[in-house]
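All remarks here apply to the structure that follows.
What follows draws every value from the coordinates through simple rules; no lab data is involved. Bear in mind the structure is a predicted one, so any value in this text is a computation, not a measurement. FYI the Cβ positions are ideal-geometry reconstructions off the backbone, even for glycines, and counts take in every protein chain you see.
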Amino acid sequence: MRRAMQTLDRIVALAALHRLSTVGASVEYRYRFVTEPAADYLLRLAGRTRSPFAVGGLAWGSEQHQDQVVLVKPSRKVEWDFGWMTPGGKVEGGESVLSALNREMVEEVGLRPLHALLTTLHENCYTDGEQCTSHFYFQFRMQLEGGPLVSSGKDVEQPRWFDTLPHDLGWRADYLRDFAAGPPATGHVGLERFIHG
């Protein structure tokens, strides 16, 4: 039963990937085993949540912050070893990937994405050496609307603008290519088309 659910989750993730790819995104698929310290926490988390899907990524600002990305510091209640993380979170039941991205950005940084581009679908197999739990992460590059940063997310502390990616950014290597590419072009994969249209 567990294997069947994991297969179904993979089919759902790849179907979403295909749908988003048809609107102009060139997307990379990555599979990896995760045995870092965070794996134990994520295995426990997997037992408490139904959703194996998450969204997030690098978000550039507008106006005076157009050359900066916003990152969030994990709350002390969250068992991460990372100093900073990209904003994002799990896809709730009944949400599309893009609707979840919109909601998570508003919750964690107080700003809506105006434009977003899916760059990578990660399938992370979190393992403690005995069991493996796959989670799927949809990684975006996006540009946010203008305004002050405000967080209402219970798992993160005050968001902050950065000129470069800090060395204690979680999964930093995953974001180097996206950071070099910069924000998506204006009008590219506008979220309002999928959320409201």
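Gain on full extension, evaluated as 0.36 nm per residue between A180 and E92 minus their Cα-Cα distance, stands at 28.6 nm.
Amide H to amide H, with H built 1.01 Å from N, G83 comes under 5 Å of G170, counting only residues 5 or more places away or on other chains.
Using the Karplus relation 6.51 cos²θ - 1.76 cosθ + 1.60 with θ = phi - 60°, the per-residue 3J(HN,Hα) values for segment 136-145 come to 10, 10, 8, 9, 10, 9, 8, 10, 9, 5 Hz, with x marking Gly and Pro. Once both labels are positioned 7 Å from their Cα atoms along Cα-to-Cβ, the gap between D168 and Q64 label points is 2.7 nm.
Derived scalar couplings between HN and Hα for segment 119-126 equal 10, 8, 10, 9, 10, 9, 9, 7 Hz in order, rounded to whole Hz, by the Karplus curve 6.51 cos²θ - 1.76 cosθ + 1.60 (θ = phi - 60°), x for Gly and Pro. Annotation: amide H-H contacts under 5 Å for T119 (H modelled 1.01 Å from N, sequence separation of 5 or more, or interchain): Q139, F140, R141. Taking amide H as placed 1.01 Å from N in the peptide plane, R112 has its amide H under 5 Å from the amide H of E145, each at least 5 places away in sequence or on another chain.
Exposure proxy ranking for D163, D174, based on other Cβ atoms within 10 angstrom of each Cβ and starting from the fewest, stands as D163, D174. In order along segment 63-72, the phi-based Karplus estimate (6.51 cos²θ - 1.76 cosθ + 1.60, θ = phi - 60°) of 3J(HN,Hα) comes to 6, 5, 10, 5, 9, 10, 10, 9, 10, 10 Hz; Gly and Pro are listed as x.
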